[in-house]
Amino acid sequence: MNNVLIINAHEPSPFSEGKLNASLVDKAQSQLEAKGHNVRVVTMQDEIVVDEQLANLEWADRVILQSPINWMTIPWSFKKYMDEVFTAGMGGALCAFDGRTPEEPKKDYGTGGTRTETKYMLSLTFNAPEESFNDDSEYLFQGKSVDDLMFHMHANFRFFGMSALPTFACFDVMKNADIDSDFKRFEDHLDTNF
């Protein structure tokens, strides 16, 4: 069984209370605990104590980042979390700086990760419809995938040596939500990957 850290990156706002992301976190926690995994949950509304968060990340074999996508990226409060916690982990908890050496100062950037046995999963909620991705004729994403859009998050986790589990996404959650279907797909996704 694994130690699973679930990070709820949602930041409440007048147009989005965060009920869907919270429900997905609750579903993941209960489903994974029922399978015998140890689960810890962190939200951006918690008091973020850097050393405690580093200990959570060192404890975890698996990390689930549950996040809405706001303006094509993660909410500001999770970026603050990253700036504080991830930076503090560069002394060895998450990585041994950036992997470069004095002998090769221009090579191997990003290879200093110390969490090479840890896997992560992005679980994302979008206002965008699924059809707006992977289609060259669609204006905004120009044929790009969800994982293309989230390349920066994949790069952050890879910086620590982590490897990706398949990404999960709910689409069109504000205008044409199909929550029952999303929950079923999420349960299946967790069963397949955990």
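Counting only protein chain heavy atoms and rolling a 1.4 Å probe, the accessible areas of M150, M72, M90, M44 rank, largest first, as M72, M90, M44, M150. Spin-label model, E33/S132: points 7 Å from Cα along the beta carbon direction are separated by 3.5 nm. Each Cα pair under 8 Å and six or more residues apart adds its separation to the average, and for the chain the resulting relative contact order is 21 percent.
Calculated accessible area for the range 122-194 comes out at 55 Å² per residue, all protein chains present (probe 1.4 Å; ligands, DNA, RNA ignored). Using a probe radius of 1.4 angstrom, the carbon and sulfur fraction of the accessible surface of the range 126-194 is 48%.
Calculated mean residue ellipticity, 222 nm, the chain: -9000 deg cm²/dmol, from DSSP H runs (n ≥ 4) at -39500 (n - 2.57) each, averaged per residue and rounded to 500.
Taking all protein chains as they are arranged and a probe of 1.4 Å, the heavy atoms of H152 leave approximately 70 Å² accessible to solvent.
Which pairs in the list K19/K144; K35/K144; K35/K175; K27/K119; K80/K119 are over 30 Å apart, alpha-carbon to alpha-carbon? With Cα atoms farther than 30 Å apart: K35/K144; K35/K175. Applying the criteria of a DSSP loop state and at most 15 other Cβ atoms within 10 Å to the GluC sites (Glu not before Pro) of the range 67-148 yields E103, E117, E138. Accessible area per residue (1.4 Å probe, heavy atoms of protein chains only) ranks M121, M1 as M1, M121, with the largest value leading.
For the range 1-81, the relative contact order is 50 percent, taking Cα pairs closer than 8 Å that sit 6 or more residues apart in sequence and dividing their mean separation by the residue count. At the residue level, S181 shows approximately 40 square angstrom of accessible surface with a 1.4 angstrom probe and all protein chains present.
The C-alpha atoms of the chain define a longest principal axis, and helix 19-34 lies at about 70 degrees to it. Loop-located chymotrypsin sites (Phe, Trp or Tyr not before Pro) in the range 1-85 (DSSP state not H, G, I, E or B) with no more than 12 neighbouring Cβ atoms inside 10 Å: F15, W71.
Beta bridges from DSSP with both residues in the chain: antiparallel share about 15 percent, rounded to the nearest 5. Using C-alpha pairs below 8 Å separated by at least 6 residues, the relative contact order for the range 79-194 is 26 percent.
Among I48, I6, I69, the order of accessible area from largest down is I48, I69, I6, computed with a 1.4 Å probe on protein heavy atoms. Exposure check, 1.4 Å probe, all protein chains in place: E47 carries approximately 150 Å² of accessible surface.
The values are calculated or read from the model by the stated rules, or taken from the named source; none is laboratory data. These numbers were taken from a predicted model, which means no experiment stands behind them. We place every Cβ from the backbone using ideal geometry, glycine too, and count neighbours over all the protein chains shown. Only protein heavy atoms, including side chains, enter the accessible area calculation; ligands, DNA and RNA are left aside. Shrake-Rupley method; radii C 1.70, N 1.55, O 1.52, S 1.80 Å.
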